[in-house]
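*Asks:* Once you've had a glance at the structure underneath, I'll fire off some questions.
The values are calculated or read from the model by the stated rules, or taken from the named source; none is laboratory data. Everything quoted here is computed from the prediction, not taken from an experiment. Here the Cβ positions follow ideal geometry from the backbone for every residue, glycine too, while neighbour counts run over all protein chains shown. Quick note on the areas: whole protein, heavy atoms, side chains included, nothing else; ligands and nucleic acids left out. Shrake-Rupley method; radii C 1.70, N 1.55, O 1.52, S 1.80 Å.
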Amino acid sequence: MVRVAVVDYDLCKPHRCRLECVRFCPINRSGGKAIEISESVGGKAFIYEVACVGCGICVKKCPYYAISVVNLPDELEKRVVHRYGPNAFKLYGLPTPQTGMVIGILGKNGSGKTTVLRILSGELTPNLGVFEVEPSWDKALEKFRGTELYNYLRIVADGSLRRVHKIQHVDLVRKYVRGHVGEVLTRIDERGLLNEVRKMLSLESAWDNKISNLSGGELQRFTVAAALLRDAGAYFFDEPSSYLDVKERLAVANAIRELTPRSAYVMVVEHDLAVLDYVSDSVVVMYGEPGVYGLCSKLYSVGSGINHFLEGFLPAENMRIRSERITFYFRAEPSESTEPRKPYLYWPHMTKKLNNFKLVVDEGVSHMGEIIGVLGPNAIGKTTFIRLLAGELKPEEGYVTTEGLRISYKPQYIRAENYPWTTVDEALKELRKEGMASTEWFETDVIRKLGLHKLGDKEIASLSGGELQKFAVTVALAREADLYLIDEPSAFIDVEERLTVAKAIRKVAEVRKTTIFVVDHDLLLADYISDRVVVFEGTPGREGYARSPADLRSGMNKFLEGVQVTFRRDLRTYRPRINKPGSYLDRQQKMLGEYYYVKPIQHLAED
Ligand code: ADP
Ligand code: ADP
Ligand code: SF4
């Protein structure tokens, strides 16, 4: 067995703890040295992996959750591709890009997806786990000689393959790229595709805007456009669907499929399973222990790869990657056993004007403990609707029945500087003082399930996108309120985390007997979380119509009819899959008016 010991140096605080890791280590106690406080890592804990026996005592004893130790089979060591440093994350294996094929990468956050993209795009030279000397491509190539990957890495190493990488955090682009959308894209149009890209990614309305003023969704489409206009041999897209609504996600997926050159290598990292399924030909599953080590699976065809991932077992590797499977239920009809819920909130027909924007709301009722999914594009009036319900805004027509309702809101865009605390611990301490966050169930079902207790005194400003999202959802849920609006909780979090967040939201709705509105453009999540849905129609930024809450079947049908997308069901996992536009199933389902909840049996012939 080989030991992989990782210390999170943001969390290790030797001056605050009692050096439990060093004192309790059985090797240290019997006169050996497996862990010590070392100047080589800035006066923090350092683990000697050769001496460590992997007992896990330090992992349990450290009060700041700074240490992880795993035992891995010896033969795996042959596959080490990169290690960021001593006691840092270790990557085993790399996928082999293929021309003329879009390869999707799927896996938990912290499993090494970005590391893989950085190596394959030539930004990071793999050190093969040796960090005492400068890494070199020659050594890396030597390791892969005789493999298919060698040919690819050779042209990366000698610079003859031009690569383009659409980064995950598009917000950075707002800071670093100057100029206006149209002007910048015109300048980089190396492939003469400016008009196609502008049209496919609906960039017309943002064409004359300054990049620093773009919304998250516009920025995402702008960066995808910029990548597509470059004339390259390899294209890498890291999470291209964040901040986009359903229609925009499909447009981006279509643009990636249709506008990348046939002879190019294309890879996409994506957590929205419907989008990943739609955009990819094959998938690679990344697994391991997030933040500690990551492994790449073999290449699977897209349908079976996603199914294996959901089922938690990779057959080619003979590897269980999760103890339980992720299940999607086919729940077109509300279950009969559900007790009728008590009404919570009634709202009449209302209208509201805000400058050039007009919102029309149909009357409706929500129930205690109910989660209402909100479906619709960005800027269609979803937030305005909630503010009307809470009485924060006065309607021109209609009246507010619920003056003074307290609302708790998790905005779509979260900024660390909007919180009054510096560290996560500070925030948790304050939240735990009173109200819901002081209860045992909130601690267990929200804080611990989302892993916030492990973030310790990490600064909120230094959290990763996914950590910040989970923090923001927890803060919004912890607030004492009568109505909750959680806007796009899925951004930057992985598939498993999405479902954990969904369960935490459900728990709060049930215990508080309140209504929670959840806006999300990941339709698998919307389906998973919603009891009913409110569909918004209209023209973004101009006029919005909030329809009465509808059951999932009619609500999803109405919404998908608006965006002209149909879904079929996967036979093994029941997960919804997007039909190819114009395919037999797409045409048939449109004719029947069944956009979403088709019975899986209809597809026997197709799969
Ligand atoms: P993913 O994209 O799957 O979320 P990443 O490839 O970004 O995963 O990161 C995998 C792990 O490597 C994470 O735990 C991350 O903290 C760690 N890591 C990333 N970059 C560095 C670095 N420069 N130094 C040390 N650790 C790093
Ligand atoms: P969503 O939540 O669906 O993204 P919003 O309800 O935030 O949409 O906004 C709908 C439209 O109303 C947008 O075009 C937005 O710019 C506009 N809007 C929202 N609040 C105001 C306001 N206070 N004054 C003027 N316009 C506003
Ligand atoms: Fe203290 Fe934990 Fe760091 Fe060890 S790893 S020095 S116990 S904070």
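*Asks:* Looking only at segment 388-401, filter to residues that are modelled with pLDDT under 90 and open to solvent by 90 Å² or more (accessible area, probe 1.4 Å); which one of those is nearest to Leu375 (Cα to Cα)?
*Replies:* Glu392
To keep it simple, each residue is scored yes or no on (1) surrounded by fewer than 16 Cβ atoms within 10 Å (Cβ to Cβ); (2) within 30 Å of Val283 (Cβ to Cβ); (3) within 16 Å of ligand 1 (Cβ to nearest atom).
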| site | (1), (2), (3) |
| --- | --- |
| Val4 | no, yes, yes |
| Val7 | no, no, yes |
| Gly43 | yes, no, no |
| Cys55 | yes, no, no |
| Lys78 | yes, yes, no |
| Asn87 | no, no, yes |
| Gly93 | no, yes, yes |
| Pro97 | no, yes, no |
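*Asks:* So the check is Cβ under 9 Å with 6+ separation or different chains; which pairs have a first residue in segment 525-550 that's over 30 Å from Ala504 (Cα atoms) and a second one that's in a helix (DSSP H, G or I) and of a type in the set (Gly, Ala, Ser)?
*Replies:* Here the result reads Gly541/Ser205, each pair linking segment 525-550 to a residue that is in a helix (DSSP H, G or I) and of a type in the set (Gly, Ala, Ser).
*Asks:* Here's something else I'd like to know. Would you pick out the residues in segment 569-584 that are free of Cβ contacts under 8 Å to residues at least 40 places away in the same chain and surrounded by fewer than 21 Cβ atoms within 10 Å (Cβ to Cβ)? Write out each step before concluding.
*Replies:* Step one: of segment 569-584, the residues free of Cβ contacts under 8 Å to residues at least 40 places away in the same chain are 571, 579-584.
Once the filter is applied, which keeps residues that are free of Cβ contacts under 8 Å to residues at least 40 places away in the same chain and surrounded by fewer than 21 Cβ atoms within 10 Å (Cβ to Cβ), segment 569-584 yields Leu571, Lys580, Pro581, Gly582, Ser583, Tyr584.
So that you can scan it fast, the table gives a plain yes or no per residue for (1) within 28 Å of Gly404 (Cα to Cα); (2) at pLDDT below 95:
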residue: Phe330; (1), (2): no, yes
residue: Ser337; (1), (2): no, yes
residue: Lys342; (1), (2): yes, yes
residue: Trp347; (1), (2): yes, yes
residue: Met350; (1), (2): yes, no
residue: Val360; (1), (2): yes, no
residue: Gly376; (1), (2): yes, yes
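*Asks:* Let me confirm something: among Lys410, Lys470, Lys458, Lys429, which residue is over 23 Å from Val7 (Cβ atoms) and surrounded by 15 or more Cβ atoms within 10 Å (Cβ to Cβ)? Don't jump to the end; show me each part of the working.
*Replies:* Numbers: Lys470 fails: over 23 Å from Val7 (Cβ atoms); Lys458 fails: over 23 Å from Val7 (Cβ atoms); Lys429 fails: surrounded by 15 or more Cβ atoms within 10 Å (Cβ to Cβ).
Result: Lys410 is the single residue among Lys410, Lys470, Lys458, Lys429 that is over 23 Å from Val7 (Cβ atoms) and surrounded by 15 or more Cβ atoms within 10 Å (Cβ to Cβ).
*Asks:* Also, I was wondering about something else. Here is a list: Ala526, Ala546, Ala491, Ala478. Which entry is within 17 Å of Val446 (Cβ to Cβ) and open to solvent by less than 20 Å² (accessible area, probe 1.4 Å)?
*Replies:* Details: Ala526 fails: within 17 Å of Val446 (Cβ to Cβ); Ala546 fails: within 17 Å of Val446 (Cβ to Cβ); Ala491 fails: within 17 Å of Val446 (Cβ to Cβ).
Testing whether each residue is within 17 Å of Val446 (Cβ to Cβ) and open to solvent by less than 20 Å² (accessible area, probe 1.4 Å) leaves just Ala478.
*Asks:* Would you mind stating whether Val501 is more than 16 Å from ligand 3 (Cβ to nearest atom), of a type in the set (Val, Ile, Thr), crowded, with 17+ Cβ neighbours inside 10 Å and over 17 Å from the mean Cα position of the chain (by Cα)?
*Replies:* Details: more than 16 Å from ligand 3 (Cβ to nearest atom): yes; of a type in the set (Val, Ile, Thr): yes; crowded, with 17+ Cβ neighbours inside 10 Å: yes; over 17 Å from the mean Cα position of the chain (by Cα): no.
No; evaluated as a whole, the condition is false for this residue.
*Asks:* Just wondering, is there one or more residues in segment 209-222 that are touching a Gly at 6+ places or on another chain (Cβ under 8 Å) and open to solvent by 10 Å² or more (accessible area, probe 1.4 Å)? Give the steps one after another, and end with the answer.
*Replies:* As a first pass, look at segment 209-222 and keep what is touching a Gly at 6+ places or on another chain (Cβ under 8 Å): 210-211.
So of that shortlist, the ones also open to solvent by 10 Å² or more (accessible area, probe 1.4 Å) come out as 210.
Yes, segment 209-222 has at least one match.
*Asks:* Quick one: Asp445 ticks every box in (1) among the acidic types (Asp, Glu); (2) touching a Lys or Arg at 6+ places or on another chain (Cβ under 7 Å); (3) closer than 20 Å to Lys61 by Cα bar one, so which box is it?
*Replies:* (3)
*Asks:* Still on this structure, please answer the following. Does Ile67 satisfy being of a type in the set (Val, Ile, Thr), within 22 Å of Asn307 (Cα to Cα) and surrounded by 20 or more Cβ atoms within 10 Å (Cβ to Cβ)?
*Replies:* Working: of a type in the set (Val, Ile, Thr): yes; within 22 Å of Asn307 (Cα to Cα): no; surrounded by 20 or more Cβ atoms within 10 Å (Cβ to Cβ): yes.
No: the conditions fail for Ile67.
*Asks:* Looking only at segment 27-34, decide whether some residue is over 22 Å from Phe131 (Cβ atoms), at pLDDT below 95 and surrounded by 16 or more Cβ atoms within 10 Å (Cβ to Cβ).
*Replies:* So far as segment 27-34 goes, no, none of its residues is over 22 Å from Phe131 (Cβ atoms), at pLDDT below 95 and surrounded by 16 or more Cβ atoms within 10 Å (Cβ to Cβ).
*Asks:* State which residue is nearest to ligand 1 (Cβ to nearest atom) when the search covers only segment 461-496 and only residues that are acidic (Asp, Glu), in contact (Cβ under 8 Å) with a residue 60 or more places away in the chain and over 23 Å from Asn378 (Cα atoms). Please lay out each step first, then the result.
*Replies:* Restricting attention to segment 461-496, the residues satisfying the condition of being acidic (Asp, Glu) are 467, 480, 482, 487-488, 494, 496.
From the residues that got through so far, the ones that are in contact (Cβ under 8 Å) with a residue 60 or more places away in the chain too are 480, 482, 487-488, 494, 496.
Add one more test, that the residue is over 23 Å from Asn378 (Cα atoms), and what stays is 480, 482, 496.
Values: Glu480: 34, Asp482: 36, Glu496: 12 Å.
Per the stated criteria, the residue is Glu496.
*Asks:* Residue by residue through segment 346-387, note down the ones that are among the charged types (D, E, K, R) and either in contact (Cβ under 8 Å) with a residue 40 or more places away in the chain or open to solvent by less than 10 Å² (accessible area, probe 1.4 Å) (or both). Break it down into steps so the answer makes sense when it comes.
*Replies:* Of the residues in segment 346-387, the ones among the charged types (D, E, K, R) are 352-353, 358, 362-363, 370, 382, 387.
Answer for segment 346-387, where residues must be among the charged types (D, E, K, R) and either in contact (Cβ under 8 Å) with a residue 40 or more places away in the chain or open to solvent by less than 10 Å² (accessible area, probe 1.4 Å) (or both): Lys352, Lys353, Lys358, Asp362, Glu363, Glu370, Lys382.
*Asks:* While we're looking at this one, here's another question. Taking the criterion of being closer than 30 Å to Gly312 by Cβ and either without any contact (Cβ under 8 Å) to a residue 40 or more places away in the chain or among the hydroxyl-bearing types (Ser, Thr, Tyr) (or both), would at least one residue in segment 87-100 satisfy it?
*Replies:* Looking only at segment 87-100, we keep the residues that are closer than 30 Å to Gly312 by Cβ, and these are 87-98.
Among the residues that remain, those that are also either without any contact (Cβ under 8 Å) to a residue 40 or more places away in the chain or among the hydroxyl-bearing types (Ser, Thr, Tyr) (or both) are: 92, 96.
Yes: one or more hits.
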